[in-house]
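The values are calculated or read from the model by the stated rules, or taken from the named source; none is laboratory data. It should be emphasised that the depicted structure is a prediction, and the values quoted were computed from it without experimental measurement. For neighbour counting, all protein chains shown are included, and Cβ atoms are generated from backbone atoms with ideal geometry for every residue, glycine included. These accessible areas exclude ligands, DNA and RNA; they are computed on the full protein's heavy atoms, side chains included. Shrake-Rupley method; radii C 1.70, N 1.55, O 1.52, S 1.80 Å.
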Amino acid sequence: MPHETPMDRQAADRIAAAAQRDPDSPTAESGFDDRAQAAADRNDPEAYDPDEDGW
(Lines give C-alpha, C1' and ligand atoms only; values in the text may rest on other atoms or scores of the structure.)
Protein backbone atom coordinates (compact mmCIF):
# COMPACT_ATOMS: atom_id res chain seq x y z
CA MET A 1 0.00 0.00 0.00
CA PRO A 2 1.51 3.38 -0.99
CA HIS A 3 2.41 5.86 1.70
CA GLU A 4 1.04 9.36 1.17
CA THR A 5 3.19 12.33 2.10
CA PRO A 6 1.33 15.61 2.55
CA MET A 7 2.45 18.50 0.35
CA ASP A 8 4.73 20.77 2.34
CA ARG A 9 6.02 24.27 1.64
CA GLN A 10 9.45 23.10 0.43
CA ALA A 11 7.98 20.69 -2.11
CA ALA A 12 5.51 23.29 -3.36
CA ASP A 13 8.32 25.83 -3.72
CA ARG A 14 10.39 23.35 -5.76
CA ILE A 15 7.42 22.69 -8.05
CA ALA A 16 6.75 26.41 -8.48
CA ALA A 17 10.42 27.09 -9.25
CA ALA A 18 10.46 24.36 -11.88
CA ALA A 19 7.33 25.79 -13.49
CA GLN A 20 8.89 29.26 -13.57
CA ARG A 21 12.10 27.94 -15.15
CA ASP A 22 10.13 26.25 -17.96
CA PRO A 23 6.72 27.90 -18.51
CA ASP A 24 5.98 25.49 -21.39
CA SER A 25 6.40 22.39 -19.22
CA PRO A 26 3.42 20.17 -18.45
CA THR A 27 3.70 21.18 -14.79
CA ALA A 28 3.38 24.87 -15.59
CA GLU A 29 0.73 24.47 -18.27
CA SER A 30 -1.49 22.23 -16.12
CA GLY A 31 -1.50 24.63 -13.18
CA PHE A 32 -0.01 21.99 -10.89
CA ASP A 33 2.26 24.59 -9.32
CA ASP A 34 -0.77 26.57 -8.13
CA ARG A 35 -2.48 23.42 -6.80
CA ALA A 36 0.71 22.43 -4.98
CA GLN A 37 0.89 25.85 -3.31
CA ALA A 38 -2.77 25.57 -2.27
CA ALA A 39 -2.19 22.09 -0.83
CA ALA A 40 0.86 23.31 1.10
CA ASP A 41 -1.24 26.15 2.50
CA ARG A 42 -3.94 23.71 3.62
CA ASN A 43 -1.32 21.49 5.28
CA ASP A 44 0.27 24.37 7.19
CA PRO A 45 -2.07 25.30 10.03
CA GLU A 46 -0.22 28.57 10.67
CA ALA A 47 -0.61 29.78 7.08
CA TYR A 48 -4.04 28.36 6.23
CA ASP A 49 -7.10 30.58 6.38
CA PRO A 50 -10.17 28.44 5.58
CA ASP A 51 -12.26 31.51 4.74
CA GLU A 52 -9.79 32.62 2.08
CA ASP A 53 -10.42 29.85 -0.46
CA GLY A 54 -13.91 28.72 0.47
CA TRP A 55 -13.15 25.63 2.52
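Miscellaneous remarks
- Counting only heavy atoms of the protein chains and using a 1.4 Å probe, Arg9 has close to 80 Å² of accessible surface.
- Between Ala39 and Asp22, the modelled label-to-label distance comes to 1.9 nm, taking each label 7 Å out from Cα in the direction of the beta carbon.
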